[in-house]
Amino acid sequence: MSKVEVEGNALLRMEKEFISMRSYLEQIISLQKEMMQRLDREEKAPEEADNGSSGLSVAVLLRLPDHLRKTMVALSKLVEGRADEVASITGRARAIESGYLNQLVRLGYVKKIRKKHQIYFAIDGEA
Amino acid sequence: MMGKFITIHSYKGGTGKSYLAVNLAAIYAMQGKKVALLDLDFRAPTQHVVFEPKGLKNYINNVLDGSMNIGDVLLDCSYKIDNKGKLYVGFADFSTEAIREMVSKGKKWEIEALQRIYRMRKELVDDLGFDIVIGDTSPGIQYLSINAVVAADVAVVVSTLDDADIAGTTRMLKELYETFEKETAIIINKAIGGTDLKDPEKDKIIEDLQSRYKEAVIGILPCFCEVGRLKRGNIFILNNPKHPFTEMLRVVAAKLDLF
């Protein structure tokens with residue numbers, strides 16, 4: 001076998017080894033990506049639970065500023081109620097509670113229900 | 001009279017929460033109030049030992065799972081106070097499987113339970129007309145206990161004079177109760193050395209608590225051996241109507257009425 005042929009065969013072997021190594025590396029990278037995605041999902045899970053289907057949780061209440069928390073707790077006691085009913089629990093003016101309840105509606109924690117000419121509020125996301 | 005949901009909570013276990021809960025419930029019932037006592041300590045239920053219910057199938061666990069209403073779960077236990085009042089009890093499932101299941105419930109389930117506790121409170125107070133609802137919770141800061149405390153009209157915190165208990169209770173009051181602007185009452189139970197033995201260190205702890213929380217401290221109950229000696233099945237205040245412990249609990253009940 002000539003020197004050129006020997007070198008050619010060696011190059012072919014090296015090429016095969018490179019292809020094999022590349023394949024292994026691709027598998028490792030793919031597995032790492034999968035692991036990263038899984039870890040990411042697990043890390044996000046508790047946060048998603050806090051923002052779960054229920055509009056009411058201790059975590060949500062703690063995130064709210066004091067004035068809205070008071071309104072939210074009062075509405076939770078009523079389960080469903082009007083602004084004046086919430087105001088009778090918090091001891092604040094009806095107009096103020098109406099404003100706070102509408103803020104909670106915009107934040108997505110409370111829903112508005114129209115019954116004839118009256119507006120009722122309820123915690124959004126029935127458990 | 002507007003019904004009231006009172007939770008009995010503590011930072012550490014063994015403070016006498018369940019014992020106080022059942023005796024307070026009995027005092028209120030014997031005053032002519034319609035009373036519901038709820039065992040909300042799903043990890044270590046106690047009230048079934050006091051009331052020994054037979055053939056019980058419905059538990060508060062079912063209410064929190066959304067499969068039953070609280071009205072379906074309550075049992076008339078007025079016989080336990082010789083029918084001297086109306087006392088209903090909601091029991092926590094005390095089977096090992098149920099306790100294991102409650103412990104393994106996910107965070108999402110516990111979060112959703114807050115809404116169900118609010119519904120339960122409304123049904124008891126507004127629909128079933130209970131004057132007093134007493135919830136006996138698990139100790140510590142865990143979701144189910146916090147849920148009950150958040151939903152309560154008045155939250156009673158029971159602590160002993162143990163250093164760790166006082167430190168934890170103080171932190172819990174600041175970080176949880178004050179955040180939610182809870183109407184809070186504090187009972188010091190098993191006050192060994194404080195009021196009975198006149199231990200200056202223990203007296204100092206009591207003085208500090210009273211100066212910080214003022215009228216929120218509604219009772220300092222010494223440690224009576226005869227209270228601990230009586231089996232749970234015998235409700236103390238019923239069998240010992242003139243005992244100082246009973247008298248002190250009557251004062252606690254009267255002060256709670258003012259909240």
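The values are calculated or read from the model by the stated rules, or taken from the named source; none is laboratory data. Owing to the predicted nature of the structure, the values given are computational and were not obtained by experimental measurement. Positions of Cβ are backbone-derived with ideal geometry, glycine not excepted, and every protein chain shown enters the neighbour counts.
Structural remarks
Condition check ((1) within 25 Å of B:ASN147 (Cβ to Cβ); (2) at pLDDT 85 or above) across all residues:
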residue	(1), (2)
A:MET36	no, no
A:GLY52	yes, no
A:LEU56	yes, no
A:GLY81	yes, yes
A:ASP84	no, yes
A:ILE89	yes, yes
A:ILE96	no, yes
A:LYS115	no, yes
A:GLY125	yes, no
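- Residue within the stretch B:196-208 that is outside any strand (DSSP E or B), within 14 Å of another protein chain (Cβ to nearest Cβ) and closer than 30 Å to A:LYS70 by Cα present: no
- When each of B:LEU64, B:LEU74 is tested for being away from every other protein chain (no Cβ under 14 Å) and either crowded, with 20+ Cβ neighbours inside 10 Å or modelled with pLDDT under 90 (or both), the lone residue that passes is B:LEU74.
- A:HIS67 meets all of the listed conditions (1) buried (at least 17 other Cβ atoms within 10 Å of the Cβ); (2) in a helix (DSSP H, G or I); (3) touching a residue at least 24 places away in the same chain (Cβ under 8 Å) but one, namely (1).
- Here B:ASP153, B:ASP136 are screened, and the one residue that is of a type in the set (Asp, Glu), surrounded by 23 or more Cβ atoms within 10 Å (Cβ to Cβ) and at pLDDT 90 or above is B:ASP136.
- Of all residues making up the stretch B:180-195, the number that are part of a loop (DSSP other than H, G, I, E, B), at negative phi and either at pLDDT 70 or above or surrounded by 21 or more Cβ atoms within 10 Å (Cβ to Cβ) (or both): 7
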